[in-house]
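Heads up: the structure comes next, in structure tokens.
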Amino acid sequence: MNITMIGTGYVGLVTGTCFAEIGHQVICVDNDVAKVQLLQSGGIPIFEPGLKELVAKNVAAGRLSFSDSIAEGVEKGEAIFIGVSTPPLPDGAVDLSFIEKVAREIAAHMRSYKIIVDKSTVPVKTGDKMVETIKRYCKAHAEFDVVSNPEFLREGSAVADFLKPDRIVIGVRSPRPVPAMKEIYGAISAPIIVTDINSAELIKHASNSFLALKISYINAISAVCEATGANVQEVAAGMGMDERIGRKFLDASLGFGGSCFPKDLSAFIKISEQVGYSFDLLKEVQKINSCQMERFLKKISDTLWVLKDKTIGVLGLAFKQNTDDIRMSPAIALCQRLQKDGAQLRVHDPQAMPKARAVLKDVTFVEEMNDVALGCDALVVATEWEQFKSLDLERVRASLSHPILFDGRNLFDPSEMEKLGFVYKSIGRGQS
Ligand code: UGA
């Protein structure tokens, strides 16, 4: 099919490229002219494993192109997907101005039947608003359907997530667009659930909030483990073997971050409030998440006492592994707090250093992970990059002025670390 993808952020670029990969003719549209030029010249604005190669392959095959003209996108696409950002407003509600503008622009250029598919994360009932808006602004009175097709891609594994999803959600107001939507996803082997449009929109907020809840739950368990000498990884393993619970998203950490969970939680709390329900459970999820960072910072200050004039090495700046994204990154928040308390920082991230340079000032960026510890009073692991597990620990210990390691991602074995001579403090594992 001829597909147009509006918005070339993480969601739009991955989705558009993957649609091309499964055989569709795709045009990706963005109003950021510089970004479109970068993409047209073979560049990629983000780091996402496998994406660069897939873009190059599909551009070469003539299935994928980029444009800054929404008119061209509307003319060429039988299905027009919207993947523009829906950022948070100061009160936690969602800023829908980008999506509303795109709806008006599509309406202005529409001359024949189009399927308009929302992939952005939006509050329930956004689809209804889009229908009203498009009707109002479409002078040609063309027929159209609005569909909600939320995405469940994780940054860092987005291409694989697209090609092998757990499910595909299609929310509709009438049966008309369903066969075309099924055809679009025909090459993907996954269950398709067709729902009404409100339910599809809710599935996305309910899923992300539940995953955030799962992380806060295990983080709360980690606090109890620390107080009792139990090991949160063993508790998670034992819980996760129950199929009703599952082991995934039970890794205790510094807390969750990124551009989705914090924003979607606030939005869902706000949406619920607007319809008359006080979602206190989710407020507690937020509270546990910020407490988790405070508890970790307290471990650092309890051990080092005064941070002023201390040098601390920080491994990891991205909000999670396999991405260069630092939006709402717990690692960045941690660095800023340590700096505020007077610590000097030496930091490293395999991908996120270029983006981190814009927000972290007066820190030393170190290119080689094993060099971060040089002359530091302590080392902190803040992001769960797989390569940190292969740190040269002997060298790190020798480089540190004091062999103290705070592990915010439980990457190492406490007894091994002790044998190596480290004072090792991690999350929810005994008294550490
Ligand atoms: C999340 C969802 O997992 C996706 O399904 C969804 O499509 C996406 O949001 C979105 O709405 O666009 P993402 O934010 O890319 O994906 O990353 P996750 O892998 O979910 O991780 C989020 C945060 O939770 C990270 O900071 C990560 O380190 C943390 N985390 C994750 C934990 O602390 N413990 C865990 O067990 C898992």
Task: the stretch 401-432: number of residues that are touching a residue at least 40 places away in the same chain (Cβ under 8 Å) and among the aliphatic types (A, V, I, L, M) - done: 3
Task: Filter result (open to solvent by 10 Å² or more (accessible area, probe 1.4 Å) and in contact with a Cys (Cβ under 8 Å, 6 or more places away or on another chain)) within the stretch 352-389 - done: VAL363
Open item on the list: What's the number of the only condition in (1) within 16 Å of the ligand (Cβ to nearest atom); (2) under 25 Å from the mean Cα position of the chain (by Cα) that MET369 fails to meet?
Closed with: (1)
- [ ] Could you tell me whether any residue of the stretch 157-174 is touching a residue at least 12 places away in the same chain (Cβ under 8 Å), open to solvent by less than 10 Å² (accessible area, probe 1.4 Å) and assigned to a loop (DSSP other than H, G, I, E, B)?
- [x] no
- [ ] Considering (1) open to solvent by 20 Å² or more (accessible area, probe 1.4 Å); (2) at pLDDT 95 or above; (3) within 30 Å of LEU89 (Cα to Cα), say which one SER259 fails and leave the rest.
- [x] (2)
TODO: Kindly establish whether ASP324 is more than 9 Å from the ligand (Cβ to nearest atom), open to solvent by less than 20 Å² (accessible area, probe 1.4 Å), in the same structural domain as ASP407 (by TED's automatic domain parsing) and not hydrophobic (A, V, I, L, M, F, W, C).
DONE: yes
TODO: List every residue pair whose Cβ atoms sit under 6 Å apart, with the two residues 6 or more apart in sequence or on different chains, where the first one lies in the stretch 57-84 and is assigned by TED's automatic domain parsing to the domain that holds THR15 and the second, anywhere, is assigned to a helix (DSSP H, G or I) and small (Gly, Ala, Ser).
DONE: ASN58/ALA20; ARG63/ALA20; LEU64/ALA20; GLY83/GLY12
- [ ] Looking only at the stretch 182-192, decide whether some residue is away from the ligand (no atom under 16 Å from the Cβ), modelled with pLDDT of 95 or more and buried (at least 21 other Cβ atoms within 10 Å of the Cβ).
- [x] yes
Open item on the list: Among the residues of the stretch 286-307, are any small (Gly, Ala, Ser) and over 24 Å from the mean Cα position of the chain (by Cα)?
Closed with: yes
TODO: Could you please let me know if LEU38 is among the aliphatic types (A, V, I, L, M), over 17 Å from GLY77 (Cα atoms), modelled with pLDDT of 95 or more and open to solvent by 10 Å² or more (accessible area, probe 1.4 Å)?
DONE: yes
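The values are calculated or read from the model by the stated rules, or taken from the named source; none is laboratory data. A quick note: this is a predicted structure, and the numbers were derived from the prediction, not measured. A quick note on method: Cβ atoms are made from the backbone with ideal geometry, for glycine too, and the neighbour counts reach across all protein chains shown. Remember, those area values only see protein heavy atoms, side chains included, never the ligands or the DNA or RNA. Shrake-Rupley method; radii C 1.70, N 1.55, O 1.52, S 1.80 Å.
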